[in-house]
Amino acid sequence: MSDQKKGLSRRRFLGAGSLIALSSPLATAATISGGTGTPWTADEASPPPKIDPQQWEFFTPKERVIVDALVETLIPADELSPSGKEAGCTLFIDRQMAGRFGQGSRLYMNGPYGASPLASQGRQSPLTPAEEFRRGLTAFNNFCIKEYKKAFNELTEDAREAALHLLEAGKIVLLGEVSSKDFFKTLLARTMEGFFADPVYGGNRNMVGWKMIGYPGAKYDYLDWIERHNETYPHPPVSIYGYTPES
């Protein structure tokens, strides 16, 4: 008999399970069971706050235009999917730089810093990832203005690709604290994350990245499909938010 027929949802079933303490050989089992007495309310959850696409927390309006052009060049629109810009990669990067990642909350930020560190020594910089990104972005755009007489977002598609190839190869001197190659790696990695991460983080708008590769998303289980081999999964992907039809 299924859980549904028994009137017991999966979430309620998990909430009614036993919690056993095994802290020492002499510990006795402590059990919380049934629908009452649990430290939470069944079938209730705290969904993550939705991101307002009109609110920006890190990029200035000028920076947003440049990053839009960068992610659009790295992931151009084609017959498979929209561009990185249309997928919301800029918003994803904005939130990453404004949040714990950008502030280096999990990095060791104290000195001393090696002047010529080995790769095995890891990151050696007094700057947070957000500070590095902002300085690298400004320096790269200044290079484009000097080299091509236009900001990056004003360049032709060919000129944009040429400039990014120079950046990737380390042939552009940015700032002393920011490596050209490292800035490109960060830009590319955050753009890819924004295209494929759960939409809860601001990117992958309408789950376009997941739809492109056929990823079903954050569905809680696939029990109905475990034994159904060589069949196309027909359901739309599911975000942590839940499925939302395209508007």
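The values are calculated or read from the model by the stated rules, or taken from the named source; none is laboratory data. Not measured: the values here are computed from a predicted model. Because the Cβ atoms are built from the backbone with ideal geometry, glycine has one as well, and the counts that use them run over all protein chains shown. Remember, those area values only see protein heavy atoms, side chains included, never the ligands or the DNA or RNA. Shrake-Rupley method; radii C 1.70, N 1.55, O 1.52, S 1.80 Å.
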Considering (1) in a loop (DSSP other than H, G, I, E, B); (2) out of contact with any Asp or Glu (no Cβ under 9 Å at 6 or more places or on another chain); (3) open to solvent by less than 80 Å² (accessible area, probe 1.4 Å), say which one Ile172 fails and leave the rest.
(2)
Single unsatisfied condition, Lys185 versus (1) touching a residue at least 12 places away in the same chain (Cβ under 8 Å); (2) closer than 19 Å to Val71 by Cα; (3) open to solvent by 40 Å² or more (accessible area, probe 1.4 Å); (4) among the basic types (Lys, Arg):
(1)
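Residue-by-condition table, conditions (1) under 16 Å from Ser180 (Cβ atoms); (2) of a type in the set (A, V, I, L, M); (3) surrounded by fewer than 18 Cβ atoms within 10 Å (Cβ to Cβ):
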| residue | (1), (2), (3) |
| --- | --- |
| Arg106 | no, no, yes |
| Pro112 | no, no, yes |
| Leu118 | no, yes, yes |
| Gly122 | no, no, yes |
| Pro126 | no, no, yes |
| Gly136 | yes, no, no |
| Cys144 | yes, no, no |
| Tyr148 | no, no, yes |
| Phe152 | yes, no, no |
I'm trying to understand the selection: among the residues of region 196-247, which are on the phi > 0 side of the Ramachandran plot, assigned to a loop (DSSP other than H, G, I, E, B) and either of a type in the set (Lys, Arg) or within 14 Å of the chain's Cα centre (by Cα) (or both)?
Gly202, Asn204
I'd like the full set of residues that are in a loop (DSSP other than H, G, I, E, B) and either open to solvent by 30 Å² or more (accessible area, probe 1.4 Å) or acidic (Asp, Glu) (or both), limited to region 76-104.
Pro76, Ala77, Asp78, Glu79, Leu80, Pro82, Lys85, Glu86, Arg100, Phe101, Gln103
The listed residue being open to solvent by 40 Å² or more (accessible area, probe 1.4 Å), closer than 25 Å to Lys50 by Cβ and in contact with a Ser or Thr (Cβ under 7 Å, 6 or more places away or on another chain), out of Met207, Met212:
Met212
Region 188-198, subset under 30 Å from Gly170 (Cα atoms) and charged (D, E, K, R), residue most open to solvent (accessible area, probe 1.4 Å):
Glu193
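Given the residues Tyr222, Tyr201, which is the only one that is hydroxyl-bearing (Ser, Thr, Tyr), open to solvent by 20 Å² or more (accessible area, probe 1.4 Å) and in contact (Cβ under 8 Å) with a residue 60 or more places away in the chain?
Values: Tyr222 fails: in contact (Cβ under 8 Å) with a residue 60 or more places away in the chain.
Exactly one residue qualifies, and that residue is Tyr201.
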Taking region 149-169, which residues are in a loop (DSSP other than H, G, I, E, B) and either over 21 Å from Pro129 (Cα atoms) or within 24 Å of the chain's Cα centre (by Cα) (or both)?
Lys149, Lys150, Ala151, Leu155, Thr156
Of (1) touching a helix residue (DSSP H, G or I) at 6+ places or on another chain (Cβ under 8 Å); (2) closer than 25 Å to Leu137 by Cα, Pro216 satisfies every one except (2)
Note down all Cβ pairs under 8 Å where the first residue falls in region 82-107 and is closer than 12 Å to Tyr201 by Cα, the second is of a type in the set (Ser, Thr, Tyr) and crowded, with 22+ Cβ neighbours inside 10 Å, and they're at least six residues apart or on different chains.
Cys89/Thr191; Ile93/Thr191
